[in-house]
1. Among the numbered criteria (1) touching a Leu at 6+ places or on another chain (Cβ under 9 Å); (2) more than 16 Å from Val203 (Cβ to Cβ); (3) away from the ligand (no atom under 16 Å from the Cβ), which single criterion is violated by Arg115?
2. Please list, ordered by first then second residue, the pairs with beta carbon atoms under 9 Å, 6 or more apart or interchain, first in the stretch 191-215 and within 16 Å of the ligand (Cβ to nearest atom), second of a type in the set (D, E, K, R) and open to solvent by 40 Å² or more (accessible area, probe 1.4 Å).
3. Counting only residues that are among the small types (Gly, Ala, Ser) and open to solvent by less than 10 Å² (accessible area, probe 1.4 Å), how many does the stretch 187-209 have?
4. Taking the criterion of being within 16 Å of the ligand (Cβ to nearest atom), among the charged types (D, E, K, R) and touching a helix residue (DSSP H, G or I) at 6+ places or on another chain (Cβ under 9 Å), would at least one residue in the stretch 119-128 satisfy it?
5. Which count do you get for residues in the stretch 57-81 that are farther than 27 Å from Asp104 by Cβ and surrounded by fewer than 19 Cβ atoms within 10 Å (Cβ to Cβ)?
6. Give the stretch 94-137 a look and list any residue that's open to solvent by 70 Å² or more (accessible area, probe 1.4 Å), more than 19 Å from Trp7 (Cβ to Cβ), part of a helix (DSSP H, G or I) and not basic (Lys, Arg), or say none.
7. Here are Val160, Val140, Val144: which of them is open to solvent by less than 10 Å² (accessible area, probe 1.4 Å) and more than 16 Å from the ligand (Cβ to nearest atom)?
8. Those residues that are within 16 Å of the chain's Cα centre (by Cα) and either within 13 Å of Cys85 (Cβ to Cβ) or in a loop (DSSP other than H, G, I, E, B) (or both), I need them from the stretch 11-43; list them, please.
Amino acid sequence: MLIAGNWKMHKAAPDEARALSESVVDAVGAPEVQVAVCPPFTGLAAAAEALDGAPVHLGAQNMHAEGEGAFTGEVPAGALRAYDCRYVILGHSERRAYYGETDDDVAEKARQALRRELVPIVCVGESLEERRDGRAQDVVARQVQTALDGLPIGDPSRLVVAYEPIWAIGTGESAEPEQAQEMHAFIRETLIEQHGESVGGAVQILYGGSMKPHNAEALLAQPDINGGLIGSASLEGESFAGIVEAGEQVT
Ligand code: 13P
């Protein structure tokens, strides 16, 4: 079980990132599940200091697929490792929608993340229109297949997949637990087809989209929901810790 906070473009200044990291460390105590926070790049150094020795991992929200070069404004995987990042979120729907990231981009980044010993948290999920048209599984299958086909994973702990239906992100309307479970089971089958039972059967699949302390337990109790990728509820230590506690209840 992994509960990861995606701070998006919040708490980006060092002081803010430090304060929220400290508050998360205080609030989660000695968690019985895996916990991570993913600040913006400019908050990583301060967050890394605040998390030093604490049972909370660090992650980033994006990276470039190349190791270095003339890519103005971009950040390579190696630099994230230097901040002790364990995770990197890839292919979030906001990056796909606002910055034109494609499945192929996500595939290249995921390959590079693995090379640099980062654990990619690969985000997939359909829009409301795609769900209404009955295409949700087709869309998610394409995203998973393109991003992860042929990826040399080897060990299931080297990859995390996050199912984030776009219609549930930032809307306060989470997917129903059974509805999310249905898609998670489908993603699980797809991962097993791609990577075999021993890897595909054990990769953590997180749910993201308006997960809050009040609805987390029902979602996390589903058999193929192995954690959460939390947006707005990760921006305060107490609410994030409430979701961590829900995870502890069901494990
Ligand atoms: P919210 O929890 O704010 O809906 O955001 C979810 C998300 O996009 C996490 O990556």
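The values are calculated or read from the model by the stated rules, or taken from the named source; none is laboratory data. Note that this is a predicted model, so its numbers are computed, not measured. Note that each Cβ is placed from the backbone with ideal geometry, even for glycine, and that neighbours are counted across all protein chains shown. Only protein heavy atoms, including side chains, enter the accessible area calculation; ligands, DNA and RNA are left aside. Shrake-Rupley method; radii C 1.70, N 1.55, O 1.52, S 1.80 Å.
1. For Arg115, the exception is condition (1).
2. These pairs meet every condition: Gly209/Glu173; Ser210/Glu173; Pro213/Glu238; Pro213/Glu245.
3. Our first condition is that a residue be among the small types (Gly, Ala, Ser); within the stretch 187-209, this holds for 196, 198, 200-202, 208-209.
From the residues that got through so far, the ones that are open to solvent by less than 10 Å² (accessible area, probe 1.4 Å) too are 200, 208-209.
Residues in the stretch 187-209 being among the small types (Gly, Ala, Ser) and open to solvent by less than 10 Å² (accessible area, probe 1.4 Å): 3 in total.
4. Looking through the stretch 119-128, at least one residue is within 16 Å of the ligand (Cβ to nearest atom), among the charged types (D, E, K, R) and touching a helix residue (DSSP H, G or I) at 6+ places or on another chain (Cβ under 9 Å).
5. Initial filter on the stretch 57-81 (farther than 27 Å from Asp104 by Cβ): 57-58.
Narrowing the set further to residues that are surrounded by fewer than 19 Cβ atoms within 10 Å (Cβ to Cβ) leaves 57.
Number of matching residues: 1.
6. Hits for the stretch 94-137 are Asp104, Glu108, Leu128, Glu129, Gln137.
7. Working: Val160 fails: more than 16 Å from the ligand (Cβ to nearest atom); Val140 fails: more than 16 Å from the ligand (Cβ to nearest atom).
One residue alone meets the criteria, Val144.
8. To start, the set of residues in the stretch 11-43 that are within 16 Å of the chain's Cα centre (by Cα) comprises 33-41.
Correct list: Val33, Ala36, Val37, Cys38, Pro39, Pro40, Phe41.
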